Every structure is written in structure tokens, then in C-alpha cells.
Amino acid sequence: MEKKFKVVVLSGGISPERDVSIVSGKHVLEAMRKSFDAVGIRLDENRLPEGLVQDAVVFPAMHGDYGEDGTLQAELEAANIHYAGSGSLSSRVCMVKPAAKALMKFYGLPVARSLEFSAENKPAAHTLAELFPDGAIIKPADKGSSVGLIIAHNADEIAEGLEKISEGDWMAEEFVRGREFSVGVIYGEASGIVEIIPEGGVYDFQRKYTAGTTRYEFPAKLSKQTEAKIKDAAQRAFEACGCRDFARVDFILADDEKSDFIILEINTLPGMTPTSLLPKSASCVGYDYESLCAKLMEGAAKRRNAQKD
């Protein structure tokens, strides 16, 4: 790959996931310096930094608002700066969970039953309890990393959860008990399957980012048939949502492996610390952290070089 360009790793921004983004950015920058002329820029506001040159290629180690919702990508496109990852429209679609679910459902992919609502027009607790008699997962419709996640097992807990909601757009989904998995997709090809085993059975924000609260198995212990089906679904979800370069697709498989799985969500800018899920998934197919970071730049480099030709 040509290396005569500067890689700019962006991290930070203003969102609930700023701290995670900074950690991702630190490790990505260290890895990128092994293969490229790389610099890091920490964003302290949600806008492009001054001085970005068109000849640079950006790796957005960004999570949450601005980084994942397509705004950053649209600004880079307007400035004619190439970057790694999905385009602005796909990024926005995947950040807005109901939109991504609609596309995946249109493609015939399995997703959980759900109901979307705004804080100003919350459904009655008994309505959700009737829709989801086995419990509900209530979460913001356009946030990542389980920010604001509410687990409600019965009507009383649903009512308590709804009382906490004061602003924004939300989504309630049926609660499916089972094994949780994550699959990295790199240039349209599924990597290894990672099983996520959190303490207490709920993979919330705390258990994602607190050491020792979640155990991981990769590659996951699954039958060859189930493994093939999940990988195929991950690749189809990547295609359905118009993703580019890389993404991570999360699944849940009902307690009985003979039952169907469902797709929980797709993440276009997954965590990139060395212990994050995408590096774990990629390690199953032979990538160490440094080679993975270099691989994730290939698409942006090719787009940049094609424009130069």
C-alpha cells in the first residue's frame, strides 16, 4: 500500500462516549505509526479541527454523537478529505437503530420486535407490558455503547423505566434471553464470532468498559451450522445498511441453540482498544492489533489514491 500520505487519527468529541473514544484513539495512533506517518488530534468540540489537509487520510476513532451519526463524515466529504469507515448516510442509518432495523428487516434478516416513541409521547406501561410479556429493553434510538439502557422484566419495571425518560427518541424491544455474540465485518467478510458473557447477564455500559466484569470467548463455541448462519447474516446486514470498510454486528441467540438468533444492532465505528470486540473478532482470522489497524486503512487509501490518479 502507498504510504506517502499522512494519517490523522481523530478522537474525543463531546458525547457520553468521549473517554472511550480517547482510549481508542490513543491505541490506534500507536499502531498506525508502525505503518504510516500518523498524527493524533483530540477533538474538544464537535467540529473538524482547523488545518486538516486534503492530502491526509482520516481514521475516526470516534464513538457516540458526532462521530457515529454521520455528521463528521459529511463534514469530511464536504472538505474532500478521505476517511476510513462507512459513509455519512450509512453512518447515520446505523446510528438510528429503528432505521437500521427497518433496512435489515427488508433484507429478510431477523430483528427483535420493537416500538419507537419520543419522550413527549411515551406509551403507557401496560401497553409495553402487553406487547412484550417477557420483558423489554428500552434504549435511546440514536445512542451507542448501551448509553441509557433500561432492562425491564415486568410491568412495574417498565413503568419505572419510562419515568426516567425525559427527552429524546427511544425504542422498546422485546427482551430475548440467550447468548450474546459480536462479529466484525471487514470489507464485507465476516471475521470470528466473539461470545460476550457479562456478570449478571446484562452487557450494559459499565460491563462494557469495566475490567473483569465481562468474560469473552473467541472464537465462540458454536456448531458449524450456527456459526455459518451468523456470519452470513453479519455480511448481509453490512450490505443492507450500506456499510463500507468495516463494522461490527451484534447478535443474540436464544438459550436453545436450535432456536433462531436475532440481530441486535450494527456499529460502524466500534471500539478500537486492543481488548475491544472488533480486534477480538479480527484476531480469530489472523490479525494482530497493528495489522488490523493497517488493514482498516486500506479502503480509504485506495479511494484517496484513485482520486490522485
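Every read-out reported here was derived from the displayed coordinates using simple, explicitly stated rules and does not represent laboratory data. In this text, all values refer to a predicted model and were calculated from it rather than measured experimentally. With ideal geometry, Cβ positions are generated from the backbone for all residues, glycine too; neighbour counts draw on all protein chains shown.
What longest range of the chain stays clear of loop-exposed GluC sites (Glu not before Pro) (DSSP non-H/G/I/E/B, at most 14 other C-beta within 10 angstrom)? The segment 51-166 is the longest one with no such site. Ranking of 134, 169 by neighbouring Cβ atoms within 10 Å, starting from the fewest: 134, 169. List the trypsin sites (Lys or Arg not before Pro) in region 107-168 that DSSP assigns to loop (not H, G, I, E or B) and whose Cβ has at most 15 other Cβ atoms within 10 Å. Which are they? Hits after loop and neighbour filter: 113, 164.
In the chain, helices alone account for a calculated mean residue ellipticity at 222 nm of -10000 deg cm²/dmol, with every DSSP H run of four or more residues adding -39,500 (n - 2.57). All distinct Cα pairs of the chain go into the 1/r average, and the inverse of that average, the Kirkwood radius, is 19.9 Å. For region 67-121 versus region 158-175, the spacing of their alpha-carbon centroids is 20 Å.
With the convex hull built on the Cα atoms of region 114-174, state its orientation-averaged projected area in nm².
With the hull built on Cα positions only, its mean projection is 3.4 nm².
Residue pairs exceeding 32 angstrom between C-alpha atoms, taken from 280/302; 122/280; 6/280; 139/302; 6/224; 143/231: 122/280; 139/302; 6/224. In this structure, the amide hydrogen of residue 48, modeled 1.01 Å from its nitrogen in the peptide plane, lies closer than 5 angstrom to no residue at least 5 positions away or on a different chain.
When 266, 252 are sorted by how many other C-beta atoms sit within 10 angstrom of their C-beta, beginning with the fewest, the order is 252, 266.
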